[in-house]
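The values are calculated or read from the model by the stated rules, or taken from the named source; none is laboratory data. The model shown is predicted, which means the values in this text are computed figures rather than measured ones. Protein only, heavy atoms only, side chains kept; ligands, DNA and RNA dropped before computing areas. Shrake-Rupley method; radii C 1.70, N 1.55, O 1.52, S 1.80 Å.
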Amino acid sequence: MPDSDADQRLEELRAELDRIDFRFLDVLRERIELCVRIAEHKREHGVPMMQPHRIGVVQQRAAEYGREHGVDGDFLRNLYDLVIAETCRVEDLVIGNVTA
């Protein structure tokens, strides 16, 4: 026999998770949009797309965040590897190094 209170609570928790996921996706979209603006600036001023030191700064900040908030460092490193790869791809498109 299902526990309707438990089922209801699970649905509430899942709805909360869905709201967090939408915020996460919105922030990720905002980050990519900002990277487009950065790429436009780089293109206008002849700045190379790849800035290895900047990637290190971002990864280091994520590692510190993980340590301070109990989030696995390998997970954050893998997550940022994906995010950085996508923003580099987008910047390449904007700067004109590759075709869509």
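If you bin every alpha carbon distance in segment 49-100 into 5 Å steps from zero, what whole percent lands in each bin?
Percent of pairs per bin, in order: 4, 20, 24, 19, 13, 10, 6, 3, 0.
Can you give me the pair-distance distribution of segment 8-97, C-alpha pairs, 10 Å bins, whole percents?
In whole percents, the pair-distance histogram is 15, 36, 30, 14, 4, 1.
Taking all protein chains in place and a 1.4 Å probe, what share, in percent, of the accessible surface of segment 31-100 do carbon and sulfur account for? Walk me through the numbers before you get to the answer.
Working: 2740 of 4900 Å².
Whole-percent figure for carbon plus sulfur exposure: 56.
What list of ³J(HN,Hα) couplings, whole Hz, do you get for segment 30-37 from phi and the Karplus terms 6.51, -1.76, 1.60, once you set θ to phi - 60° and write x for glycine and proline?
4, 5, 5, 4, 5, 5, 5, 5
With every protein chain present, what is the per residue accessible area of segment 15-90 (1.4 Å probe, Å²)? List each step's numbers first, then the result.
Details: 5740 Å² over 76 residues.
That works out to 76 Å² for each residue.
For a distance above 18 Å, tell me the whole-number percent of Cα pairs in segment 1-57 that qualify. Provide the component values of the computation, followed by the final result.
Numbers: 976 of 1596 pairs.
Pairs farther apart than 18 Å: 61 percent.
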